[in-house]
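Student: This is the structure I want to talk about, given as structure tokens.
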Amino acid sequence: MTQEDGELDGLVRKRIRALRVAQGWSLEELATRARLSQSTLSRIENGQRRLALDQLVTLARALDTSLDQLVETATDDVVSHPINDHGQLRWPIKSDPGMAVMRQRLVDPPPDNPSRLRAHAGREWLVVLSGTAILLLGNRRLRVETNQAAEFPTMLPHAVGTAGGPCEILGIFDRDARRGHAS
């Protein structure tokens, strides 16, 4: 076993234990859910038993995660740098084929001209982190205050801006909405 294999082995074992503890489950409870004996699970977590692929698949399912996530070794940057998009700061938080999460600092009000509203396939969610956002959704004008959230289908013409001062939001875009904003 190479040093890299040993590091992955240890990482996977730590993840199994951490996910179990995060769920508030005992060894016995996870063992029951994964159809393993409690002693087998304990030896897996403690490095005293070889990690078998079939057991990893079973454990991933019992922990409500995927095998990919359990053994992932990607070391993406943990520090996110802002993107300046026409004076608007955006921080990409997460991006994968299924969804994207973006923190945004808004400084402009929403557009006055209804023709500037965009519509595309998908769903979006936004959470206001600070300030007040104005969400234009079709013919509606909604105030979304700090710690409030909104969810909407993006087939409705929409735009987001501020209500008179800077505003920070967390935007979550499903696969289709992400494509709509990329174009």
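Readers should treat all values here as calculations from the given coordinates under stated rules, not as data from a laboratory. Because the structure is a prediction, the values reported are computed rather than measured. Cβ coordinates were reconstructed from backbone atoms using ideal geometry, including for glycine residues, and neighbour counts include every protein chain displayed.
Student: Sorting Arg178, Arg61 on the 10 Å Cβ count, fewest up front, what's the list?
Tutor: Least crowded to most crowded, the residues run Arg61, Arg178.
Student: Length gain on complete extension for the stretch Glu28 to Ser66, per 0.36 nm per residue less the alpha carbon to alpha carbon distance?
Tutor: Result for the pair: 11.6 nm of gain on full extension.
Student: If you don't mind, there's one more thing I want to ask. What is the local net charge at Leu142, summed over the other residues whose Cβ is closer than 14 Å to its Cβ (Lys, Arg +1; Asp, Glu -1)?
Tutor: Net local charge, Leu142 excluded: 0.
Student: In a shell of Cβ-Cβ distance under 12 Å around Arg20, excluding Arg20 itself, what net charge do Lys and Arg (+1) and Asp and Glu (-1) give?
Tutor: Here the charged neighbours net out to +1.
Student: Related question: Rounded to the nearest 0.05, what FRET efficiency is calculated for Ser115 and Asn147 with R0 set to 45 Å and r the Cβ-Cβ distance?
Tutor: Approximately 0.90, to the nearest 0.05.
Student: May I have the convex hull volume per residue, in Å³, for the Cα set of segment 3-71?
Tutor: Expressed per residue, the convex hull around the Cα atoms of segment 3-71 is 73 Å³.
Student: May I have the extent of the alpha carbons of the chain along their three principal axes, as whole Å values ordered from largest to smallest?
Tutor: Result for the chain: principal-axis Cα extents of 65, 32, 27 Å.
Student: List every residue whose amide H lies under 5 Å from the amide H of Ile93, counting only residues 5 or more places away in sequence or on a different chain, with H placed 1.01 Å from N in the peptide plane.
Tutor: Val101, Met102, Arg103
Student: Follow-up question, since we're still on this one. For Ala163, which sequence-distant residues (separation of 5 or more, or a different chain) have an amide H within less than 5 Å of its own amide H, given hydrogens modelled in the peptide plane?
Tutor: Placed amide hydrogens put Thr132, Ile134 under 5 Å from Ala163.
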